[in-house]
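Below is one structure; the comments refer to it alone.
The values are calculated or read from the model by the stated rules, or taken from the named source; none is laboratory data. Remember, predicted model here, so these are calculated numbers, not experimental data. With ideal geometry, Cβ positions are generated from the backbone for all residues, glycine too; neighbour counts draw on all protein chains shown.
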Amino acid sequence: MNLADRLEGLRARIIQACEAADRDPQSVELLPVSKKQPLALIQEAAALGFTRFGENYVQEGADKAAAAPDLAFVLLGPLQRNKAKPALQHFREIQSLDRPELAERLRRLAGELGVVRPVWIQVDLWDEATKLGGCAEADLPALMGALGDDPHLPLRGLMAIPPPEDPGAFVQLQALRERLQQDLGRPLRLSMGMSADLEAAVKAGSDQVRIGTAFFGERQY
Ligand SMILES: *Cc1c(COP(=O)(O)O)cnc(C)c1O
């Protein structure tokens, strides 16, 4: 199947999920996740109208950003402190902010570099340790405090990779968003839902689904 066909199928899924949830399909952004996909395929997606792509690894995303300066890359994968600078240089947005030390380092470097990079807080919805990263709900106040209201790192929303087949986790994130919005007095977006579970995420109020395999096909490791 080619990209255009897969995209048509995906759009149909999103529209159907929105209709079932009484939502406007325009309110759900489709973010293609291009990790471990060749640049040629990303260019093909760009020809279909996409300009933003999710990537998981700093080096891979930096290489692609250098090769395709007209496209914007969004960092979705865990970020080590020592990669903070290249992450700010090569990615337009960071969705995996998950701890106060990282927020502090990103603030300092973004100030030095003079860049503005919207950030999303990745929330950990697993009740066990995983390598996926994410901030536990109880640690959110400390992280938000470390982020402050820094104009270099405006907070856009919450991102999560919940345990598979656990639609309750999406509902939990939606409730958390509501609470934080009330505290902050302004809207926050929700990035949740992937190839296998976008329907449940849209139903629970996701504003952005991040789609890899259902868009690009199997990843090439
Ligand atoms: C890989 C990845 C995706 C896309 O996953 P698919 O199941 O291929 O759609 C979305 N979000 C994050 C954070 C990822 O790492």
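Details
- Listed by position, the helices (runs of 4 or more DSSP H) enclosed by segment 130-221 that each have at least 1 residues that are at pLDDT 95 or above, more than 16 Å from the ligand (Cβ to nearest atom) and polar (S, T, N, Q) are 167-184.
- Only residues that are under 20 Å from Ile121 (Cβ atoms) and buried (at least 19 other Cβ atoms within 10 Å of the Cβ) were counted across segment 54-76, and they come to 8.
- Summed over segment 21-62, the residues that are touching a residue at least 40 places away in the same chain (Cβ under 8 Å), within 23 Å of Ile161 (Cα to Cα) and in contact with a helix residue (DSSP H, G or I) (Cβ under 8 Å, 6 or more places away or on another chain) give a count of 11.
- Residues of segment 115-129 satisfying the condition of being in contact with a Pro (Cβ under 6 Å, 6 or more places away or on another chain) and modelled with pLDDT of 95 or more: Pro118
- Failed condition for Pro167, given (1) in contact with a strand residue (DSSP E or B) (Cβ under 9 Å, 6 or more places away or on another chain); (2) more than 25 Å from Gln89 (Cα to Cα); (3) not hydroxyl-bearing (Ser, Thr, Tyr): (1)
- Check on Gln95, in contact with a Phe, Trp or Tyr (Cβ under 8 Å, 6 or more places away or on another chain), surrounded by 21 or more Cβ atoms within 10 Å (Cβ to Cβ) and touching a residue at least 24 places away in the same chain (Cβ under 8 Å): yes
- Every listed requirement among (1) within 13 Å of the ligand (Cβ to nearest atom); (2) aromatic (Phe, Trp, Tyr); (3) in a loop (DSSP other than H, G, I, E, B) is met by Trp126 save one, (1).
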